[in-house]
Structures are given as structure tokens and as C-alpha cells.
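What follows is a short report on a single structure.
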Amino acid sequence: MAAFLDPQFCLFWLEHDVLVPGEMKVTVADRVKELLHTEAASVMLPETAIDEDEPDQGVQPVEPPVKTPRLFAAYSRKRHRSDANTSTRAELLKYIQMCEDGAADNHPCLQFWAKYKQELPHLYHVAVRVLAVPASSAPVERVFSHGGIIMRPHRSRIGAKMLSNLIFMKCNSSI
């Protein structure tokens, strides 16, 4: 999902780097879009309301009693969820279109999301959460180091499955 949320990659990585048939690429692209839509739809944005902290010319706003339910409160919540569902799909399509049109060419990833924060609010919150994860960490570096130790020139004929199994065994030998 992180590659998809980087506007310079978007779905381009799928075209060039994934060596599978075309229909599989379409399936992968649809699955990535669906995962991102699900994540974006779960984001609850703060509602933008009129600032009630500053009353107009000394008139205090009248608050309803605490135990009085609002008449259309349940309706507005349901409507808000369906609006969020359609707006996240619209945001996703707009983001893909922006990537294809080259809107991201002039901006690094984080600057792009800062600039389009207002236009793509649901995707912005997902992007901030996903892109905050460091690309490399110590455990992954250790696995690559073990792979480098195991895959030496004198073991050049070792197969991918065998290499994977040997790395797995080496990394989990302490368990």
C-alpha cells in the first residue's frame, strides 16, 4: 500500500516491476484499490462546523438539555457514513487521475500529501499512517545479512526455495 500511496509510483510499479500476466495485474490493482478504500473509509474525519466558541455580539448559543436526543441524529450519522463511502471512492479515483496526469512529478511524496491534504482528506490520513512506517528496520537488515552469509559464490547453484528455507532456519534457530 505504501508504494501505491507514493504518487510517483501509484500503479506504475505494477506495470513495470511485476512479471505476471495482464489479468493478474488487473486483479492485484483492484485488490490494492479495495484495501486502500477500506482503510480510507474507516478514517473518521473531524466534522467541520461553524465555530461556536465565538458567539455573535454577546448572544450565547442555546444548548439542548443533556438528556434530550436530537430528532435527526441517527439519520445524519447514517448519511455521513454513506457520504464517506462514496467520497473515499471519489478521492481514490481523483488520486489515481492526478498520478496519471503527472501532478506528482514536481513534488516529493510528503510534500504532495501536504499540498493535497484538503482535496484528499481520507487518503491523506491513511498516507500519513502508512508512510510513517520506516522502510527498513534492524530485523529485516539481519535477515538480508544472513542471506548474504548463506549465499556465497561457492553456493551459486542453490535454488530460491532452498535459500529461503536456509534463511528461515538460520533466523529462527533460537526458537
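The values are calculated or read from the model by the stated rules, or taken from the named source; none is laboratory data. Just so it is clear, the model here is predicted, and its values are computed rather than measured. When we count neighbours, we look across all protein chains shown, and the Cβ atoms used for this are built from the backbone with ideal geometry, even at glycine. In case anyone asks, the SASA skips ligands and DNA or RNA and just uses the protein heavy atoms, side chains included. Shrake-Rupley method; radii C 1.70, N 1.55, O 1.52, S 1.80 Å.
Taking 0.36 nm per residue of sequence separation and subtracting the Cα-Cα distance, how much length would be gained by fully extending the chain between Met1 and Arg89, in nm to one decimal?
Numbers: separation 88, 0.36 × 88 = 31.68 nm, distance 1.59 nm.
Result for the pair: 30.1 nm of gain on full extension.
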Log10 I(q)/I(0) at q = 0.20, 0.27 Å⁻¹ for the stretch 83-158, from Debye over equal alpha-carbon scatterers, is -0.86, -1.27
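How large a share of the accessible area of the stretch 130-175, in percent, is made up of carbon and sulfur atoms when the probe is 1.4 Å and the other protein chains stay in place? Don't skip to the answer; put the middle values down first.
Numbers: 2450 of 3870 Å².
Roughly 63 percent, rounded to a whole number.
Using the per-residue mean of other Cβ atoms lying within 10 Å as a proxy for protection, in what order, highest first, do the peptides 101-109, 32-40 fall? Let's see the in-between values first.
Values: 101-109: 13.2, 32-40: 16.7.
Most protected by this proxy first, the peptides run 32-40, 101-109.
Stretch Glu100-Val140 to full length: gain in nm at 0.36 nm per residue minus the Cα-Cα span? Working shown, then result.
Details: separation 40, 0.36 × 40 = 14.40 nm, distance 3.24 nm.
Roughly 11.2 nm would be gained on extension.
Can you give the charge dipole size of the stretch 128-175 about its Cα centre, rounded to the nearest 20 debye, using +1 on the beta carbon of Lys and Arg and -1 on the beta carbon of Asp and Glu? Don't jump to the answer; show the numbers that get you there.
Working: 7 positive and 1 negative charges, 37 e Å.
Roughly 180 debye for the stretch 128-175.
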Can you run phi through the Karplus equation (6.51, -1.76, 1.60; θ = phi - 60°) for the stretch 94-105 and list ³J(HN,Hα) in whole Hz, with x for Gly and Pro?
5, 4, 4, 5, 5, 5, 5, 7, x, 5, 8, 4
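Rounded, prolate or oblate: which fits the stretch 121-175 when a ≥ b ≥ c are the square roots of the eigenvalues of the alpha-carbon gyration tensor, with rounded for a/c under 1.5 and prolate only if a/b beats b/c? Kindly include the intermediate steps, with their values, before the conclusion.
Details: a/c = 3.31, a/b = 2.63, b/c = 1.26.
Prolate.
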Using 0.36 nm per residue, how much length does the chain from Lys33 to Lys170 gain when fully extended, once their Cα-Cα distance is taken away?
45.7 nm
Starting at the first residue of the stretch 163-168, write each ³J(HN,Hα) from the Karplus equation 6.51 cos²θ - 1.76 cosθ + 1.60 with θ = phi - 60°, in whole Hz, x for Gly and Pro.
4, 4, 5, 5, 5, 4
